[in-house]
Amino acid sequence: MTRADLVIANLLVEYIGYACFQKAIARVNPRYVSCIIQINEPGSWVSDSPYLHVFDGLEQIHHQMDEQALTEKMPEINYRPIRTLEHLLLNRKKLVQIDFQKNSVQK
């Protein structure tokens with residue numbers, strides 16, 4: 001079974017969903033989890049560009065993320081948020097980094 005002290009999962013949760021993310025993290029059982037999610041205003045998921053068609057079909061597996069929902073889901077698998085940073089982007093988007101730490105088991 002794979003083990004790690006730190007899992008970095010940038011822009012992953014959007015494509016596997018909260019439940020699958022929780023399952024993967026619980027299986028690896030790291031001490032820390034750092035993830036970045038993209039927050040979009042309606043209609044701003046993919047920026048306008050000449051390569052826009054490359055993302056056709058991707059929306060079928062994309063899950064819109066919510067910072068609060070992720071923060072509420074992680075304690076279900078014994079992780080607490082320890083830091084949140086926001087990075088504002090162009091085109092009505094932002095990246096939100098949320099770092100989690102596994103709760104200590106007290107005897």
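The values are calculated or read from the model by the stated rules, or taken from the named source; none is laboratory data. These numbers were taken from a predicted model, which means no experiment stands behind them. When we count neighbours, we look across all protein chains shown, and the Cβ atoms used for this are built from the backbone with ideal geometry, even at glycine. Ligands, DNA and RNA are stripped out before the accessible areas are found, and what is left, the full protein with its side chains, is counted by its heavy atoms. Shrake-Rupley method; radii C 1.70, N 1.55, O 1.52, S 1.80 Å.
How would CYS35, CYS20 line up by accessible area, probe 1.4 Å, largest first?
From most accessible down to least: CYS20, CYS35.
In whole angstrom, how far apart do the alpha carbon centroids of segment 1-35 and segment 65-107 sit?
12 Å
Which of the peptides 3-16, 21-34 is most tightly packed, and how do the rest follow, going by the mean number of other Cβ atoms within 10 Å of each residue?
So the order, starting with the most tightly packed, is 21-34, 3-16.
Measure off 7 Å from each Cα along the Cα-to-Cβ vector at VAL28 and GLU86, then give the distance between these two points in nanometres to one decimal.
2.7 nm
Taking the Cβ of THR71 as the center, what net charge do the other residues with Cβ under 12 Å away carry, scoring Lys and Arg +1 and Asp and Glu -1?
Net charge in that neighbourhood comes out at -2.
Apply the Karplus curve 6.51 cos²θ - 1.76 cosθ + 1.60, θ = phi - 60°, to the phi angles in segment 71-82 and return the couplings in whole Hz, x for Gly and Pro.
Coupling constants for segment 71-82: 5, 7, 6, 5, x, 4, 10, 6, 10, 10, x, 10 Hz.
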